[in-house]
Amino acid sequence: MEMNHAALAFATLGHPDRLAVFRLLMRFAPQGVRPTEIAEALGLKQNTLSHHLSDLTTSGLVQVERQGRSLFYSVDLDTAEGLIGYLALDVGRARPDLLAPLLISRKDAAMRDTDFDVFFICSGNSARSIFAEALLRDLGQGKFQAFSAGTRPNTELNPFALDILARNGHDTSSLRSKHISEFQQPDAPVMDFVFTVCDTAAAEECPPWPGQPITGHWGLPDPVKATGTDAEKALAFAQTYAALRRRIEAFVELPFASLSRMSLQARVDAIGTDVPLKG
C-alpha cells in the first residue's frame, strides 16, 4: 500500500466512532450491513453515521452496494489486507517479535482433519445456535466438538426448536441454553471456528477469541419472531433448521487437511452466503 493511501486510512480510523463502524463491518465480512442496523447496534444517529460511512468509503476501507431499495455497506477486504500488510511488513519490517504472537496460538498451527472445536453464537441460544450445535454434533462423524451460546442472559430453549430436533432424530437431552460468558473463562475450550448465526450476534461487542479461530457470519432470520398459527410457526423453525443443515453438511465435507487458512476462510464465507466455491 502506498504511504499516502495508508495515512488516509489510518486517519479515517482515528475517530472512535468510525473505528467502531469498521470493526462491526469486519464482524459481518464479507457480507454487507444496512445503515439502520449499524446505527442501532452502535447507538449512532443516522446523520452522524452517514458522515462516517462516507469517510470510510472515500478512504477505500468500505464499499457500498445497492440491493433493491436498500444500501449495504461492507469492508473492502483487499484494502484492509493492504493496510494490515503495510503496518506489519513496511512499518514493522516483518519483525518476528511483532508477528509471532499473531501467528502462534495454543492450538496446532496446521489445520487438522479431526477434533475441531466449533462455537455457534446467537442472541438467545434458544433455536438457531442450538440447531447448529446439534447438527454438527450428529453430522460431524466425531471430527468436531460443537458448542453454542447466546449473548442475551436468562434465555431458554424454544419448544418449537426442541420439537424440530426430536422429529429429525436428534437427542435433545443434553442440550441447554448457555450464556457466552461460559466460554470466556480461562479454562474454556480454545475454538478453531466461531460462527454467528443471527445478525444481532455479529453486531455484539465481543473480545477477540483466543487461538485466532476462523470466524464466519451465517446469519438467518429469527424463527422465534414468526407469527400466525402453531403450524405456521413450526414451519418457520423447520425452514431455519433446513437452512442450517445444508450449511453444516457443506462445512463437514470440506477438505480441511488440504486447505490453507485463507482458502478455508473463503469456503466458510461462501457457505454463509449459500454460494458454493469451486475447486
Being of a type outside the set (A, V, I, L, M, F, W, C), over 23 Å from Val194 (Cβ atoms), assigned to a loop (DSSP other than H, G, I, E, B) and open to solvent by less than 70 Å² (accessible area, probe 1.4 Å) is the filter here, so list the residues in the stretch 11-58 that pass it.
Gly14, His15, Gly43
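Conditions (1) farther than 16 Å from Leu254 by Cα; (2) open to solvent by less than 60 Å² (accessible area, probe 1.4 Å); (3) without any contact (Cβ under 8 Å) to a residue 40 or more places away in the chain, marked per residue:
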position	(1), (2), (3)
Ala132	yes, yes, no
Phe144	no, yes, no
Thr151	yes, yes, no
Glu156	yes, no, yes
Pro159	yes, no, yes
Asp163	yes, no, no
Residue check for Thr200: β-branched (Val, Ile, Thr), surrounded by 13 or more Cβ atoms within 10 Å (Cβ to Cβ) and at pLDDT 90 or above:
no
Residue count, the stretch 142-187 (criterion: at pLDDT 90 or above, farther than 19 Å from Leu244 by Cβ and part of a loop (DSSP other than H, G, I, E, B))
2
Which number in (1) in a helix (DSSP H, G or I); (2) open to solvent by 70 Å² or more (accessible area, probe 1.4 Å); (3) within 27 Å of Gly272 (Cβ to Cβ) marks the one condition that Glu65 misses?
(1)
Residues satisfying the stated conditions in the stretch 1-32, i.e. under 15 Å from the mean Cα position of the chain (by Cα) and in contact (Cβ under 8 Å) with a residue 60 or more places away in the chain:
Leu24, Arg27, Phe28, Ala29, Pro30, Gln31
Is there a residue in the stretch 251-262 that is under 25 Å from Leu77 (Cα atoms) and polar (S, T, N, Q)?
yes
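The values are calculated or read from the model by the stated rules, or taken from the named source; none is laboratory data. None of these values were measured; they are calculated from a predicted model. Ideal geometry is used to build each Cβ from the backbone, glycine not excepted, and the neighbour counts take in all protein chains shown. The protein model used for the area step is the full one, side chains on, heavy atoms only, and it has no ligands, DNA or RNA in it. Shrake-Rupley method; radii C 1.70, N 1.55, O 1.52, S 1.80 Å.
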